[in-house]
Amino acid sequence: MNSKQNDVLSFFDNFEAAAPASAPGAFIREVLPPNIGRLARGEHFSVFKREHAKEAASVYNYLISLDSYDDFKAKVVKFRPLLNEGIYMYAISMALLHRADTVGILLPPSWQINPKSYFTSETILHAKREAHCRQDVTVGSKPVPFFSTGTVRDAEFKLAWWREDVMLNGHHYHWHEVYPYEGTEKGNKTETKDRQGELFYYMHQQMIARYDAERLGVGLMRVEPYVNWSRPIQEGYNPHLTDYYGSKRFSARPANMFLADSWQDPQKPVLVSELMYHYNRLLDAVNTGHFKKVDNEKIEVEIDSLGAAVESSCSSPNKALYGSVHNDGHDLLAQVTDPDGRYKSAGGVMGATETAVRDPIFFRWHKFIDNLFVLHKLNLKSYTHEDLNLDGVTIHSVRVNVTNSENCEESVLTTRMEDFTVDISHDMFLDPDPDPQASPNTPVNVKVKKINHDHFEYKIVIKPIDLTYDQLKNRKFGKEGEGEGTCLADRYCECGWPEHMLLPRGTESGMQFDLFVMATDWSLDSPDNLDRGTSYCGLKDEKYPDSRSMGFPFDREMEDETIDTFTTRFPNMYSTPIKIKYTGYKASQ
Ligand code: CUO
């Protein structure tokens with residue numbers, strides 16, 4: 001395993017500077033379909049562009065299909081100087097995640113091998129200069145300000161620290177690698193994973209819910225869905241990021257731009273009217289309760305097939321009719337400032353999964369997408385008493401307390417901003433070292449801020465059993481953001497929600513939330529009695545470890561108006577008010 005782990009680093013480390021754009025050569029043409037090499041080296045790769053994603057899928061499916069690890073490794077070495085760099089990075093990662101003989105291998109974090117997608121170009125320039133001068137430095141004596149992409153004149157800038165969080169963006173990138181919409185080939189079939197469509201909906205809905213909590217905490221309204229495309233997009237965004245080599249800037253999107261048809265590929269334009277047509281067909285399906293397949297057969301709309309249709313993935317019930325609304329929206333929003341490509345722009349951050357979350361329009365677009373799922377759920381019957389009740393089990397009390405702080409008020413959790421240092425010297429697209437004397441191992445450190453919380457523990461008293469949270473979580477909840485060194489072979493490593501973002505930031509005076517706990521019947525919840533789980537990523541090559549609908553019991557309409565009236569009807573539920581207090585920035589020692 002160790003030698004494979006070392007191989008992985010060598011696949012990504014110190015990538016050659018962009019060679020002149022060239023065709024991929026006879027070797028690749030022999031083994032891969034003729035569409036390989038359409039995207040030349042040095043061009044910007046976007047997984048939301050249909051043709052780019054297809055090309056990348058051909059490469060990763062080929063690499064996954066190779067029988068021996070040695071053959072796989074040899075092909076990676078051959079492909080490296082030939083493929084478009086973005087496709088190379090994506091396809092190699094995909095193959096490593098999905099090959100049976102690389103299970104448990106840790107991929108280097110995307111922010112280390114591709115830091116230009118995570119740190120502003122000013123920060124990277126500064127970091128490299130300092131590294132060359134001082135050999136081993138942390139940028140400046142003070143942390144490089146993380147809030148460096150805008151000013152307080154922009155209301156959305158209040159949450160730039162959250163949207164631009166390095167590990168949040170890394171999480172989103174990695175999740176899409178684990179759940180690629182192009183699927184992976186198995187035998188003669190191309191497949192998505194167990195409940196992939198539902199998980200697409202759920203994971204993004206959770207992101208929006210968390211972002212909404214942060215918005216309320218800084219005095220902003222919840223996210224408005226981007227639903228009326230003939231009106232201007234009020235929010236602008238300037239990411240201050242460059243592409244892999246630092247040669248092209250991701251486009252800034254000024255406020256009040258309009259969505260426009262894309263003619264960047266004149267053979268395959270993406271039209272706003274086409275997007276609207278497909279969206280209306282999805283609405284028809286949700287409202288009538290059935291999809292029409294290619295042969296006109298009707299099939300019931302379920303949350304999983306709806307996710308597949310909306311994204312859309314290779315499991316879509318009918319791509320011709322339902323299009324690729326989600327993906328095309330990303331693509332059009334990325335191209336909004338240069339829709340016919342006349343300025344050869346790299347496009348906006350919405351075009352890449354490692355950068356999209358930075359832009360306020362990401363959340364507006366995803367809330368629009370999410371509303372299709374909400375509409376579908378509103379058409380379902382509310383849960384019955386039997387669905388929700390658990391006979392003979394009563395939750396007597398729920399408490400939560402901070403464990404490692406002087407501030408240990410009952411039911412008050414605490415958050416803070418703190419420093420976080422990243423070594424970006426593994427940048428696979430690092431410029432050639434201008435100083436031949438400098439050691440290749442010289443760290444290039446960037447210091448940024450991140451939100452974090454004081455540790456806390458739950459004490460849940462359930463009759464007839466009495467379990468601590470530690471005992472409970474191993475039974476069912478699993479833990480997001482698997483920590484370093486805990487990657488098990490049956491997991492998608494490092495795939496969860498970042499642990500430091502587990503709590504919303506809250507407010508200085510304490511922001512009120514309800515803590516809800518529900519006891520359910522494990523023998524009904526578990527698809528095969530596995531007692532483990534990772535709620536955002538599922539388990540590798542296994543069924544998702546909870547057979548309930550994602551979001552249960554809040555995913556369907558309920559008759560109760562408040563959480564209190566809901567929980568008091570069921571002894572197996574409990575809710576209690578808690579507060580989250582933000583305690584400010586704590587500089588590292
Ligand atoms: Cu994750 Cu739109 O699916 O970014």
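Counting only heavy atoms of the protein chains, get the accessible area per residue of segment 535-589 (1.4 Å probe) and round it to a whole Å² value.
Details: 2910 Å² over 55 residues.
I get 53 Å² per residue for this part.
Can you tell me what percent of all Cα-Cα pairs in segment 276-402 are more than 18 Å apart? The partial results should precede the final answer.
Values: 5106 of 8001 pairs.
Of all Cα-Cα distances in segment 276-402, 64 percent exceed 18 Å.
With no solvent and one point per C-alpha, what does the Debye sum give as log10 I(q)/I(0) for segment 495-589 at q = 0.16, 0.17 Å⁻¹? Rounded to two decimals, the profile gives -0.95, -1.02. Comparing Cα centroids, segment 149-171 and segment 519-589 end up 27 angstrom apart. Annotation: amide H-H contacts under 5 Å for LEU390 (H modelled 1.01 Å from N, sequence separation of 5 or more, or interchain): ASN572. Protein-only accessible surface at a 1.4 angstrom probe places the residues MET207, MET167 in the order MET167, MET207, largest first. Taken per residue, the accessible surface of segment 50-109 reaches 31 Å², heavy atoms only and a 1.4 Å probe. For PHE456, nonlocal amide neighbours, meaning residues 5 or more places apart or on other chains whose placed amide H falls under 5 Å from its own, are THR403. Scalar couplings 3J(HN,Hα) for segment 94-100, obtained by applying the Karplus form with A = 6.51, B = -1.76, C = 1.60 to θ = phi - 60°, are 4, 5, 5, 6, 10, 6, 5 Hz; x denotes Gly and Pro. The modelled label-to-label distance for the pair GLU386/ALA320, using points 7 Å beyond Cα in the direction of Cβ, is 4.3 nm. Value of Rg to Rh for segment 159-286, rounded to two decimals, is 0.98; Kirkwood radius and Rg both from alpha-carbon coordinates.
Of the whole protein surface, ASP391 contributes about 130 Å² of accessible area at a 1.4 Å probe radius. HIS290 to SER523: FRET efficiency via 1/(1 + (r/R0)^6), r the Cβ-Cβ distance, R0 22 Å, to the nearest 0.05? Between HIS290 and SER523 the formula returns 0.10. Taking 17 Å as the straight-line reach from the Cα of LYS128, the lysines in range (excluding those fewer than 8 positions away in the same chain) are LYS116, LYS142, LYS447. With each label modelled as a point 7 angstrom along the Cα→C-beta vector, the THR421-LEU9 pair spans 1.8 nm. The calculated P(r) of segment 188-232, using every Cα pair and 5 Å bins from 0, goes 5, 17, 15, 15, 17, 13, 8, 6, 2, 1, 0 in percent. Across q = 0.09, 0.19, 0.20 Å⁻¹, segment 214-349 modelled as identical point scatterers on its alpha-carbon atoms has Debye log10 I(q)/I(0) values of -0.35, -1.12, -1.16, in the order of the q list. When you restrict to C-alpha pairs under 8 Å that are six or more residues apart and normalise by the size of segment 240-285, the relative contact order lands at 19 percent. When Rg and the Kirkwood Rh are both derived from Cα coordinates, the Rg/Rh ratio for segment 288-345 amounts to 1.16.
The values are calculated or read from the model by the stated rules, or taken from the named source; none is laboratory data. None of the values given here were measured: they were computed from a predicted structure. With ideal geometry, Cβ positions are generated from the backbone for all residues, glycine too; neighbour counts draw on all protein chains shown. Please note that ligands, DNA and RNA were not included when accessible areas were found on the heavy atoms of the full protein model with its side chains. Shrake-Rupley method; radii C 1.70, N 1.55, O 1.52, S 1.80 Å.
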